[in-house]
Amino acid sequence: MSSSARMSDLLTVSAGHRRAAQEIADCAQRGQCCAFLGPRLSGTSEVLQHVRNGLASDPLTKCVYLDLRDVKSSTQKEFFASLTEHVCAEAAAFGAKGCARLGKTVSSGAEFRACLKKCCARLRSNLVLVVDHLHIIPTDLVQALLTSLRAAYMDQDSSGPLFIPIVCGALSLATLTLGQSSPFANIARPVFIGGLDTGESREFIRMCLASVGAEVSSGAYDELLRAAEGDPRLIDRLCRDCVCSAEQRDVRQVTAGTVKRAVRHFVKNEAQRYEPVVEAVSLIEGDPVLLRCILLLLEKGVVERRELALPLSADLDPLTLTGMVRKVAPDSFALKNGVYQSFLKEHFHPRYVGYLMSLVGRWDEALDCLEAGLEQGTREVRLDLLAATVNAMYAAQDLEMAASYLARGLAVGFGVQQARIWYAEPAEKVLRLVGKIGSVANSTLGSRTEIAMLDDSLEARSYRGPQSLRGQENQAGIERALPLLLTGTEAVGVVTLLEAVGERDQLQQRQHDLQLGAYLAQAARAMEEVHNRQEQLLRIARLEQERTAAELRMAHEIQLSFLPERPPTYPGWDIAADWHSARQVGGDFYDFVSVDESRLGLVIADVSDKGMAAALFMSLCRTLMRVSASQTRSPALALQRLNELIAAESRSDMFLTIFYGVLNLKTGQLTYASAGHPAPLLWRQRVGDVAPPGTLRALGTMLGVLPRVTLEERQVTLEPHDVLTLFTDGVTEPIDSQGAEFGEERLAGILRANHELPCSEIVARTHAAVWDYAGQRVQFDDYTLVTVKRTAL
């Protein structure tokens, strides 16, 4: 029996293959687009042929099978021309008149779609187009083909014959065919095929060996299962190899030894060309997180889901897409078989993994792997490790990180157990400690973190030289200082280290010193690059800070220009105001609006945010408030109009609280409304006290939240020597060291104590009291206070 015949028996063995065939057939019968994915050589083509044979008995459906291995694809134009030619030839074979001529002039995706539509019409039946081996063609052609198929599928009349695309490819195409950016996203039903389970694998092994009449020992069955479980093509391949090997050796029986020899040969000589392995390795090498998971599986055998640093889902998780991993429990995973395990273990040796990790800049992981290679006796890894530490230094974010990689290179590559790494700061005339090997407590190299360049220490003299110097010998060894040289006369730092006495002979010491000197020269250039990059970033940051500060100063000045330059003066009235932003610009504002010759509008407001955004919103609200106040003398109507204008002009999520009162300068009558703003305080001269809290409260909701608001309008009369104080919550909410707020009662107390003073003095003493209460704590809210006193009739 041939190999293809054995693979066709998969559907009699594998429940997964039968289930996939049924799902695809269901899609065809329901007119649903489908994407069928599985590992390469896993029997997907056999499943499609089974579906095709089943559809042949349906008089209302014609199934065209298109193998992309037979389609020319050197250019997109040639691809669609060849694609159309094959489809039309198949349609013509079903008796569709004129279809063979349709493919002669097609050269684009649009013409291909038009051709598909005509084929459906001429067949007078549903057309199921099965596109196999999608992974054979380049990615850009996959994208173009899926786009055309989607357009043809979506742009059809459901009352006539339907076009139903079914595409099939390797698991690596999952994102391209089913991901959110795929043309098939949200329209294609995904159908996946996995490997054989243990029982199915054993049965397939029996079928493959029985087909050639081989005599097989029980141990051979077990070895084949361990080697190839889950992969039908691999089972078929190893069974044939074992039978051939037994025949070549003139042995009647396939034994466990025969299987082991075949497996070793396959892993060593053929696995690197075996398509499922090639595809899986490509996916693993392109994803460092996936690579770490595979290494963990190689190390531990079985790994629980919680140990894997990957997002695992039912269909599209990276582990599943390799086709090499199986579930051994609901939340545990293992590699499918011994061949996969043996190959991956040899392929992903520490040196190669270190190389892969370095390609993506995962330097710590790369160095871990290279160190593991050294520990396993792979001495040639040493040069790779030293080169990786230098590259890691270049990529380091700061000098300390660069020095840590240098320390790692010295420790692992040169066996240094104690060292100090110093970097020169010429502006400060010091050598600064940036890295070390060994603890300070157990070191003879000292515990200083800075050394003056003019010091008489070994490090300073080596730097000034610049030259390598030897210190005195002691029981721990010999202290050495080696400059980090950019050129023969320019050093950027020094490395001091401790070497054992008599560790090497003269020739070995010379070679060691030459290698160490060359390595430190490369390290010096890397550290200088990091230092220069840091300096450049700091300069850019300083310039950006200066630019931002200048813009904020300008914004502060502009915002101040929106506020009244000074309070207005009227006979019989004293008015003062005080404004401070928590940042350079803020959201509080106050205003005085001249309604007419005898009426003055008093405005105080607090925008919901702070900083630049609040300042911009504040400037808009101030302008709109003036517009609203000019249209009516009613404070409530003015605020309602302001709310409508904010809704029309602003698309931000900000809102504001605001108090607006119209003061009759002749009678002292104040008509006011409030949109969620704190009620003002009022000193009553005839009562001799501040009116109870909330006396001037008017009901209303903040503006900028609802399209329409209802506001209460009230009146109060200011008599001679009465004092009205308007404020924002930045006056009452500063906290002391115990977290207690300043509060309205303290504000009322200041008003009681100072009501006889001019308003300018009242606001000044209030400000001093609030700042003294809060101490040095940061001001979190803008501060605004307006005081109005009626001085005489």
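The values are calculated or read from the model by the stated rules, or taken from the named source; none is laboratory data. The shown structure was predicted, so the numbers you read here are calculated from the model rather than taken from an experiment. As a convention, Cβ positions derive from the backbone with ideal geometry for all residues, glycine included, and neighbour counts pool all protein chains shown. These accessible areas exclude ligands, DNA and RNA; they are computed on the full protein's heavy atoms, side chains included. Shrake-Rupley method; radii C 1.70, N 1.55, O 1.52, S 1.80 Å.
By average Cβ neighbour count within 10 Å, what is the ranking of 501-509, 208-216 from highest down?
Working: 501-509: 10.0, 208-216: 17.0.
By packing density, highest mean first, the sequence is 208-216, 501-509.
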Query raised in the report: Can you tell me the accessible area per residue over segment 569-677, all protein chains present, probe 1.4 angstrom, in square angstrom?
Result: 39
Report task. Give me the net charge of Leu711's neighbourhood, meaning all other residues with Cβ under 13 Å from the Cβ of Leu711; Lys, Arg count +1, Asp, Glu -1. Result -> +1
**Report entry** Given Lys77/Lys118; Lys610/Lys666; Lys72/Lys117, the pairs whose alpha carbons are separated by over 27 Å
**Finding:** Lys610/Lys666
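Computing the accessible area with a 1.4 Å probe over protein heavy atoms, can you report the carbon and sulfur percentage for segment 490-612?
On the way: 3290 of 6540 Å².
Roughly 50 percent of what the probe reaches on segment 490-612 is carbon or sulfur.
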Query raised in the report: How much of the accessible area of segment 3-192, in percent, comes from carbon and sulfur atoms when a 1.4 Å probe is used?
Result: 48
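Over the chain, what is the percentage of antiparallel beta bridges among all DSSP beta bridges, to the nearest 5?
Details: 82 of 105 bridges.
So the antiparallel bridges amount to about 80 percent of the total.
To the nearest 20 Debye, how big is the dipole of the chain about its Cα centre, given +1 on the beta carbon of each Lys and Arg and -1 on that of each Asp and Glu?
Values: 84 positive and 96 negative charges, 504 e Å.
Once rounded to the nearest 20, the dipole reads 2420 debye.
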Query raised in the report: Which whole-Hz couplings ³J(HN,Hα) result when phi for each residue of segment 127-134 is put into the Karplus expression 6.51 cos²θ - 1.76 cosθ + 1.60, θ = phi - 60°, listed in order with x for Gly and Pro?
Result: 10, 9, 9, 9, 9, 9, 6, 4
Report summary line: Under the helix-only model (-39500 (n - 2.57) for each DSSP H run of 4 or more, divided by the residues of the chain), the mean residue ellipticity at 222 nm, to 500 deg cm²/dmol, is -15000 deg cm²/dmol
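Let me check I've understood the local charge: for Leu747, count other residues with C-beta under 13 angstrom from its C-beta, Lys and Arg +1, Asp and Glu -1. What total comes out? Mind dumping the intermediate values first?
Values: positive: Arg746, Arg752, Arg765; negative: Asp578, Asp729, Glu733, Glu741, Glu744, Glu745.
Once all neighbours under 13 Å are counted, the net charge is -3.
Just add up the charged neighbours of Gln545: K/R +1, D/E -1, any other residue whose Cβ is under 15 Å from the Cβ of Gln545. Kindly include the intermediate steps, with their values, before the conclusion.
Working: positive: Arg539, Arg542, Arg547, Arg553, Arg583; negative: Glu544, Glu546, Glu551.
Result for the neighbourhood of Gln545: +2.
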Query raised in the report: Separation of segment 613-637 and segment 456-497 by C-alpha centroid, Å?
Result: 72
Requested in this report: Quick one: give the max-minus-min coordinate of the C-alpha atoms of segment 400-549 along each principal axis, largest first, in Å.
Outcome: 62, 28, 26
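Given a 1.4 Å probe, how much area per residue of segment 239-390 is accessible, in Å²? It would help to have the intermediate numbers written out before the result.
On the way: 7550 Å² over 152 residues.
That works out to 50 Å² for each residue.
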Query raised in the report: In a Debye calculation with equal point scatterers on the alpha-carbon sites of segment 289-365 and no solvent, what is log10 I(q)/I(0) at q = 0.17, 0.18, 0.21 Å⁻¹?
Result: -0.67, -0.74, -0.98
Query raised in the report: Looking at segment 486-572, what % of the alpha carbon pairs are farther apart than 14 Å?
Result: 80
Report summary line: Along principal axes, largest first, the alpha-carbon spread of segment 566-790 in whole Å comes out as 45, 43, 29
Query raised in the report: Mean separation of Cα pairs under 8 Å and 6+ residues apart, divided by the residue count of the chain: what relative contact order is that in percent?
Result: 7
Report summary line: Over all pairs of different Cα atoms in the chain, the reciprocal of the mean inverse distance gives a Kirkwood radius in Å of 35.3
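I need the helices of the chain that pass two filters: whole DSSP H segments spanning 27 Å or more by Cα along the axis, and mean Kyte-Doolittle score no lower than -1.0.
Details: long enough: 506-562 (82 Å, -0.71).
Both cut-offs are met by 506-562.
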Requested in this report: Report the Stokes-Einstein translational diffusion coefficient (µm² s⁻¹, integer) for segment 176-303, Rh taken as the Kirkwood radius over Cα pairs, at 25 °C with viscosity 0.890 mPa s.
Outcome: 145
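What is the packing order of peptides 267-278, 21-32, taking the mean over residues of other C-beta atoms within 10 Å and listing the highest first?
Values: 267-278: 16.3, 21-32: 18.4.
My ranking of the peptides, most packed first, is 21-32, 267-278.
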Report summary line: In whole percent, the Cα-Cα distances of segment 3-192 spread across 10 Å bins from 0 upward as 9, 39, 38, 13, 0
Query raised in the report: If you roll a 1.4 Å probe over segment 198-273 with all protein chains in place, what percent of the accessible area is carbon or sulfur?
Result: 45
Query raised in the report: Lys336: which lysines have alpha carbons under 20 Å from its alpha carbon, excluding same-chain residues fewer than 8 sequence positions away?
Result: Lys260, Lys268, Lys300, Lys327, Lys345
Query raised in the report: Once amide H atoms are built 1.01 Å from N in the peptide plane, which residues 5 or more positions from Thr695, or in another chain, come under 5 Å H to H?
Result: none
Report task. Take peptides 34-41, 622-629 and line them up by average Cβ neighbours within 10 Å, highest first, as a rough protection proxy. Result -> 34-41, 622-629
Requested in this report: Return the long-range amide H neighbours of Val254 (sequence gap of 5 or more, or a different chain), with a cut-off of under 5 Å between placed amide H atoms.
Outcome: Glu215, Val216, Ser217
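Please compute one quarter of the surface area of the Cα convex hull for segment 399-477 and express it in square nanometres. Show your work: numbers first, answer last.
On the way: hull surface 22.3 nm².
That works out to 5.6 nm².
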Requested in this report: May I ask for the distance between the Cα centers of segment 192-270 and segment 547-568, given as a whole number of Å?
Outcome: 84
Query raised in the report: Given H placed on each backbone N at 1.01 Å, which residues far from Lys436 in sequence or on other chains put an amide H within less than 5 Å of it?
Result: Ile421
